[in-house]
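Enquirer: Following this message is one structure expressed as structure tokens.
The values are calculated or read from the model by the stated rules, or taken from the named source; none is laboratory data. Given the structure is predicted, the values throughout are model-derived calculations rather than measurements. With ideal geometry, Cβ positions are generated from the backbone for all residues, glycine too; neighbour counts draw on all protein chains shown. The area values use the complete protein model at the heavy-atom level, side chains included, leaving out ligands, DNA and RNA. Shrake-Rupley method; radii C 1.70, N 1.55, O 1.52, S 1.80 Å.
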Amino acid sequence: LKMGRVFFNTRKNVHALAAAYTVLASDSGKYFTIDQDAAFTVTLPADQEGLNFRFVLTDAGSNDVKIDSGASNGMKGFSMDPTTGINAIDNNLVKFASGTAVIGDYIECWNDGTTWWVESISSATNGIVGADS
């Protein structure tokens, strides 16, 4: 009888953010927790096929936290919320909206080599929105 390995106490690679951060290509696959107590911008790396990141709001506050592609209309995709349903994103950045986003809201970004694709879900109307600044 052969038994496989069992791993205990494993978790995703998580990085807490409460201030501006420039994401590295080597961060690909990470989950970033977001503390919204201060306004700040997270800058994504240059386009590179296969890069992917998830940003999860873990401390809601009254400040915008922006995930910026650094390119005009560099982010495309959608944000879904309970009232308006699916909202298109075709902007420079996507953000957790101040005083609106709630704990558990998330933004997932992945890159196809030329564009950052976004899928985001908020429990509040317009808790996550696309923006150009």
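Enquirer: Can you pull out every residue in region 1-28 that is loosely packed, with under 15 Cβ neighbours inside 10 Å, at pLDDT 95 or above and more than 19 Å from LYS95 (Cβ to Cβ)?
Expert: LEU24, ALA25, SER26
Enquirer: Oh, and also: Consider only pairs whose beta carbons are under 6 Å apart and that are at least six residues apart or on different chains; among these, list those whose first residue lies in region 68-79 and is modelled with pLDDT of 95 or more and whose second residue is of a type in the set (Val, Ile, Thr) and open to solvent by 30 Å² or more (accessible area, probe 1.4 Å).
Expert: ASP68/THR41; ASP68/THR43; PHE78/ILE86
Enquirer: Of everything in region 49-106 that's part of a loop (DSSP other than H, G, I, E, B) and under 19 Å from SER28 (Cβ atoms), which residue is most open to solvent (accessible area, probe 1.4 Å)?
Expert: Step one: of region 49-106, the residues part of a loop (DSSP other than H, G, I, E, B) are 49-51, 60-64, 69-74, 82-84, 92, 97-105.
Narrowing further to those that are under 19 Å from SER28 (Cβ atoms): 49-51, 69-71, 74.
Values: GLU49: 146, GLY50: 47, LEU51: 10, SER69: 16, GLY70: 67, ALA71: 46, GLY74: 11 Å².
In this case the residue turns out to be GLU49.
Enquirer: What are the residues in region 99-133 that are among the small types (Gly, Ala, Ser) and under 17 Å from VAL56 (Cβ atoms), if any? Write out each step before concluding.
Expert: Applying the first criterion (among the small types (Gly, Ala, Ser)) to region 99-133 yields 99, 101, 104, 113, 120, 122-124, 127, 130-131, 133.
Result: ALA101, GLY104, SER120, SER122, SER123, ALA124, GLY127.
Enquirer: Where the second residue is of a type in the set (A, V, I, L, M, F, W, C) and assigned to a loop (DSSP other than H, G, I, E, B) and the first is farther than 14 Å from GLY77 by Cβ and lies in region 110-133, which pairs have Cβ atoms under 7 Å and are six or more apart or on separate chains?
Expert: Listed by first residue and then by second, the contacts come to SER123/VAL102; ALA124/ALA101; ALA124/VAL102; ASN126/ALA97; GLY127/ALA97; GLY127/ALA101; GLY127/VAL102.
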